[in-house]
Amino acid sequence: MKKRWYDYLWIVELTYLVLGFFNILFAWMGLLFFFIPLIIAAARGTKGYCNRYCGRGQIFGLLGGRFGLSRKKDIPRWMKSKWFRYGFLIFFFIMFFQMLWNTYLVFAGAQDLRQVVTLLWTFKLPWNWAYHGTLFHPGVAQFAFGFYSVMLTSTVLGLITMVLFKPRSWCVYCPMGTMTQLICRAKNRKGDLATEQKG
Amino acid sequence: METRIKRRAVVDGSACVACGCCAKVCPLSAIQIWRGVRAVVNADKCVGCGKCAKECPASVIEIQEVRP
């Protein structure tokens, strides 16, 4: 099958993760990975981002598929259930807002900048070597640390389920994927699948 | 003459996450994501090779025999 330009977007994702080890402020770029899928879903009513452009999915696909770092077993039934997918989305939201709250506290001067990346919402990794000061408020850096924590945590979770189950198992419970699917469902509620060919 | 058994991919639409992994591997472009909601198989094109079922991270695609 012919490769398209978007089949190489895994390079962008990898570059993003690597840059976070050198200067944490690059973490802000990750907002693109949040907004582009939502914009595509809201404007076009498709999961075009998941289907074509998701670099993270491509990394898992390459590592688990081509490099064989996956057992390629079925994901457990509960992990693809609606309550787990929506539950994980809600949990993710809560943790995201907690991160925004910490950023706010630094902006408000109620809390000092913490130069740590929190992995799996628990493990605080010292990350001061990737911080070289900012021209802006320390709150800008706090957001970067928090956002990079989110991105690194989801990558680690994705890698774990990639090894245990199928390469792109992350896609099953990816909060962005769940959210964009919800948007598409809402947008296409009136659309009739029966008029098109059914699987 | 012996009739050949036809096979075809069948998607459990309610559990499909519409990630599009299936569409990526289908050699005949017989499976597509319908409006970001679920995967849909084009019965005329599908030959039931099973690539999509193998790829599907949620394992919601099954290859079934089609009775004529």
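Numerical summary
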quantity: Qualifying residue in the range A:82-93 (condition: charged (D, E, K, R), at pLDDT 95 or above and buried (at least 17 other Cβ atoms within 10 Å of the Cβ)); calculated: yes
quantity: Qualifying residue in the range A:178-191 (condition: within 14 Å of another protein chain (Cβ to nearest Cβ), part of a loop (DSSP other than H, G, I, E, B) and open to solvent by 60 Å² or more (accessible area, probe 1.4 Å)); calculated: yes
quantity: Residue within the range A:69-80 that is loosely packed, with under 12 Cβ neighbours inside 10 Å and within 24 Å of A:L17 (Cα to Cα) present; calculated: no
quantity: Condition check for A:T153: among the β-branched types (V, I, T), touching a residue at least 12 places away in the same chain (Cβ under 8 Å) and either touching a Phe, Trp or Tyr at 6+ places or on another chain (Cβ under 6 Å) or away from chain B (no Cβ under 14 Å) (or both); calculated: yes
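Here's the yes/no breakdown for (1) touching a residue at least 40 places away in the same chain (Cβ under 8 Å); (2) part of a loop (DSSP other than H, G, I, E, B):
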site	(1), (2)
A:G64	yes, no
A:G68	no, yes
A:R71	yes, yes
A:D74	yes, yes
A:M79	yes, no
A:F84	yes, no
A:F107	no, no
A:Q111	no, yes
A:R114	no, yes
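A quick yes/no check of all residues on (1) within 8 Å of another protein chain (Cβ to nearest Cβ); (2) out of contact with any Gly (no Cβ under 7 Å at 6 or more places or on another chain); (3) open to solvent by 40 Å² or more (accessible area, probe 1.4 Å); (4) in contact (Cβ under 8 Å) with a residue 24 or more places away in the chain:
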site: B:V11; (1), (2), (3), (4): yes, no, no, yes
site: B:A15; (1), (2), (3), (4): yes, yes, no, yes
site: B:C19; (1), (2), (3), (4): yes, no, no, yes
site: B:C26; (1), (2), (3), (4): no, yes, no, yes
site: B:V40; (1), (2), (3), (4): yes, no, no, yes
site: B:G50; (1), (2), (3), (4): no, yes, no, yes
site: B:P57; (1), (2), (3), (4): yes, yes, no, yes
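The values are calculated or read from the model by the stated rules, or taken from the named source; none is laboratory data. Just so you know, these numbers come straight off a predicted model, no measurement behind them. Neighbour counts run over all protein chains shown; Cβ positions are idealised from the backbone, glycine included. Calculation scope for accessible area: heavy atoms of the full protein, side chains included, ligands and nucleic acids excluded. Shrake-Rupley method; radii C 1.70, N 1.55, O 1.52, S 1.80 Å.
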